[in-house]
Each structure stands twice: as C-alpha cells, then as structure tokens.
Amino acid sequence: MKLTDLDIIVTAPPAPGWGGRYWILVKLQTDIGITGWGECYASSVGPVAMEAVIRDVFERYFEGENPENIERLFRRTYSSGFTQRPDLTVMGAFSGLEIACWDILGKDRDRPVYALLGGLMNERLRAYTYLYPLEHHNISDFWTSPEMAAESALAMVDKGYTAVKFDPAGPYTMRGGHMPAMSDISMSVAFCAAIREAVGNKADLLFGTHGQFNTAGAIRLGQALEPYSPLWFEEPTPPDNLEDMARVAKNVRIPVATGERLTTKSEFAAVLRAGAAEILQPALGRAGGIWEMKKVAAIAECYNAQMAPHLYAGPVEWAANIHLAASIPNLLMIETIETEFHDALIASSIKVENGFVTPPTTPGLGIEVNETLARQHKFDGNGLHLQMQDAPCDYVNGNSFAGGAPPKS
C-alpha cells in the first residue's frame, strides 16, 4: 500500500466560530482505494501559506510511502532541512498527515485506531467543555458576566459534564507576559465564586489562561483563585520559559496544565523535567500526531503526570484525541466542542453522552466526514485561526477576552 494523492479543505465554522476561524482538513488517498482524514492545527501562518507547507511535506516525505511507516515519516519530517528540532509549522503539517495515515491503517485492518496503539484502556472518556453563551445570552456581555457563566456551567452539568473551563482573566497580547490588572483578578475571582456556587461539587473548575501573565502576576492571580479549588491553572505564563512556569507551579496550590502550543516529545519532556506542569494538553493536529503523543503519554507516566488532550479545532482532530485517550492509562479528560457544525461535519459519528465519550468501534478514526458540507463552508478570509491582541492590558477601563471568531477578518 502506498500514499498517492493529497487533498486539502480549509473549512470555516459558521459565526461565532467556536473552534477558530477555520479548520484545515487533509484527505489522503492510497493506491488500493482507501481514504484517510486528518486535521492540521496550525495558526502561525495563514491557510494559503499553510496549504503550501502541507503539500511540500507530503510531496517530499509521504507521497509513494507506505502509511505504516509512521516512525520513518516522523523522522524524515522532523529532520527536514537539517533541523532535528521542533518546528511548529512543519510539525503542524506533519500532524494532520500522520493522523490521516492512522485512519488509513485502521480502515485497512478493519480496526479502530486505538486497537493499533495497544488496545482499549478506557471504555469511557471523561469530557469537559468550555463555557459558551446559552441561546438567550447576549454574546458580547457573556465574557464579563459571572452570572451568565454560572448559568452556562449549570446547564453543562445538567447535560452530564463533570468539568467546565472558562478564561475571564483578560487579554492575551503580542507583548508577552504582563501583570494582571486588579480588575482582572477581581473578575476571575468573581467567575470562580459564581460558578462554584452554581455547580457545587458536581463539577471541576478548569481555569484557562493563554500564557498572558508574567511570573509574579500569574502567582498573584493563582493564589487569589485557590479558595475555589480549580482542578487546573492553564498555561499561566508564556510557553517559551519553563523555569518561570515552574515557579508558578511551586507557588500556587492549583495544578498547572500546559501544552496546546507545544510540539513533539522534546518540548513536552522539557515541561516535565522542569516541574512546570502536572497536566499535559497536546493539540494532536499540531503536537506531532497520534504516535508522537502516545510517546509523550508514556514519558508523562514516569512523572506521574496526566494527559488532557486540547481541542480548539474541528472534529477530525477531536477524533484523533479520542483514539489516543482511549489507549493510555494516564488520561485525565478530553476537551470537547459541541456545535451543530462540528456534529454535522462528521455525520454524528461520535457523540458526547452524559458528559462522556465512548470510543468508536468502527474502523480507522471511526468518523464519516461530510466532504460536501466542508467544501460549502470554504474559508475566504485572511485572518489566522487565532490571533493575538496588539493593544496592551488596560489598567483603567478593564479587559475582556471574547471567545469565538468572526467568519472573516
């Protein structure tokens, strides 16, 4: 069996765009007629440029190769251009192609992907959701309303979720880590207090940030949140200085989680060696794919650390997360995004039920991609999947961080 053809679809979820401005889906064909789907979670360059990178990686290393040779494909791509070091864009391209190879292998063997990764470890996967506005909420007001957040959290608990994530701590900006405004700390405390009061002990609180604080600021914020016992404090400082994040971990009595902006076992192992986090959150469409993150999970076992695959993308990456999660012993939970578009894009082939996901038993990733729907929603903007804010933290008028993204920018 050999890989013969590549197709790329850049599809845009309808506004408000839960999951980002666009999702980059890749479709691989083989000489025996099997098709595999993957998703590249890459946002450091625009989709036109990223398509060129994906095609280059495919034509150099994947075309004509047996999709069984995952390790060889990784080593070739990782070493591309005499680098042999993590490269966010190249590994983003590789990750989606690698996921598609696993889909092909599972279909060829008539087995789900997790069966090829050591078998089924977890028969039910605990899921969590970000807090999004309910239908009757004003979207603009939601991000600074502890009351609306608490109402959304209670609705998610009623659906069966046992963990909810939210991030009211202000903007993430291109200026790097900053000291939070006192209003940011007060707002964050108010969110935690309202949500904890609403859900009681029925759900864990997952406090999200985006690496936006300097070390002292992250410690101040984290210590203020301790009375509400969040399960994690997500990426409190920029991901490029692990020693700083380790200082936060040592000074805040909330487990630190990180990983959505990291790629390959090299970067994740460095997190564990530094003592910077106890919960790893790989985005499989960026981090190196399924096999590379299976290795990371094994390394994490040695540090008694847990895995919580990240999702701010489409349902193909979600499917990859599910198969990894089903196969590892140190799973904490997986992120989910439930929208009509996410569901329709994979023809409802995987569902969240009562806050848990049951791994599919069908071959490959276990999803049926609605290719027609994906093409009908072609992305035609010029914004990135996610974008940093240029303006600095506002210490006078306060700050807010709005989820989602417009369809064009």
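Since every read-out is calculated from the coordinates, none of them should be taken as a lab result. The structure displayed is predicted, hence computed values, not measured ones. Positions of Cβ are generated from backbone atoms using ideal geometry, with glycine treated the same way; all protein chains shown enter the neighbour counts.
Can you put ILE104, ILE8 in order of Cβ neighbours within 10 angstrom, beginning with the fewest?
Listing ILE104, ILE8 from fewest to most nearby Cβ atoms yields ILE8, ILE104.
Taking only Cα atoms and a 10 Å spring cutoff, compute GNM fluctuations for the chain and point out the largest among GLY217, GLY200, GLY92.
Of GLY217, GLY200, GLY92, the Gaussian network model singles out GLY200 as fluctuating most.
Roughly how many Å is it from the Cα centre of region 211-276 to that of region 335-409, as a whole number?
25 Å
Taking LYS294 as the anchor, which lysines have their alpha carbon closer than 19 Å to its alpha carbon, excluding any fewer than eight residues away along the same chain?
Excluding near neighbours in sequence, the set is LYS265.
Given the -39500 (n - 2.57) contribution per DSSP H run of 4+ residues, what per-residue ellipticity at 222 nm results for the chain, rounded to the nearest 500 deg cm²/dmol? Provide the component values of the computation, followed by the final result.
On the way: 14 runs with 152 residues, N = 409.
Estimated from H runs of four or more residues: -11000 deg cm²/dmol.
Pick out which of ILE32, ILE350, ILE195 has the largest mean-square fluctuation in a Gaussian network model of the chain, springs linking Cα atoms closer than 10 Å.
Highest fluctuation of the listed residues: ILE32.
Which value in Å is the Kirkwood Rh of region 287-409 over different Cα pairs?
17.1 Å
What do the square roots of 5 times the Cα gyration tensor eigenvalues come to for region 106-209, in whole Å, largest first, as semi-axes of the equivalent ellipsoid?
34, 19, 13
Quote to one decimal, in nm, the extra length available between ALA391 and ASP5 on full extension: 0.36 nm per residue of separation minus the C-alpha distance between them.
Computed gain between ALA391 and ASP5 is 134.6 nm.
As a footprinting exposure proxy, order THR258, THR35, THR11 by other Cβ within 10 Å, with the fewest listed first.
The fewest-first ordering by Cβ neighbours comes to THR35, THR11, THR258.
What translational diffusion coefficient, in µm²/s and rounded to a whole number, does the Stokes-Einstein relation yield for region 3-110 at 10 °C and a viscosity of 1.306 mPa s, taking the hydrodynamic radius as the Kirkwood radius over Cα pairs?
113 µm²/s
Please give me, ordered by residue number, the chymotrypsin sites (Phe, Trp or Tyr not before Pro) of region 217-323 that lie in loop per DSSP and have at most 16 other Cβ atoms within 10 Å.
Listed in order of number, the matching sites are TYR303.
Write down the percent of antiparallel bridges among all DSSP beta bridges whose residues are both part of the chain, to the nearest 5.
Here the antiparallel bridges make up roughly 45 percent for the chain.
Take the chain, connect every pair of alpha-carbon atoms lying under 10 Å apart with a spring to form a Gaussian network, then pick out the residue of PRO392, PRO360, PRO168 with the largest mean-square fluctuation.
Evaluated over the chain, the most mobile residue of the options is PRO392.
Taking the Cα centroid of region 82-148 and of region 53-75, what is the distance between the two, rounded to the nearest whole Å?
Between the Cα centre of region 82-148 and that of region 53-75, the gap is 21 Å.
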